[in-house]
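The values are calculated or read from the model by the stated rules, or taken from the named source; none is laboratory data. Here the structure is a predicted model, which is why all the values come from computation and not from measurement. FYI the Cβ positions are ideal-geometry reconstructions off the backbone, even for glycines, and counts take in every protein chain you see.
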Amino acid sequence: MERLLIHSRYISGLSVRNPEGWSDNNALYLGKIHVDVQPFSIFGDHIVINEIIIDQPEFH
């Protein structure tokens with residue numbers, strides 16, 4: 001049951017491309033994202049985010 005209560009996640013290497021007709025470069029790149037949420041808030045009407053940390057952001 002304890003594994004279900006983990007409320008922190010990491011995402012690495014997220015990139016968002018520009019729309020067609022814009023530059024071929026990515027619009028942005030986020031090297032590492034850490035998100036910490038209230039564990040059971042994902043089952044309710046509102047998700048409670050305690051913290052978001054973004055490392056190595058690149059905006060083009």
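Here are the numbers:
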| item | result |
| --- | --- |
| Residues of the stretch 15-39 satisfying the condition of being of a type in the set (Phe, Trp, Tyr) and touching a strand residue (DSSP E or B) at 6+ places or on another chain (Cβ under 6 Å) | Tyr29 |
| The stretch 1-37 - residue that is modelled with pLDDT of 90 or more and among the polar types (S, T, N, Q) and, of those, nearest to Glu51 (Cα to Cα) | Ser12 |
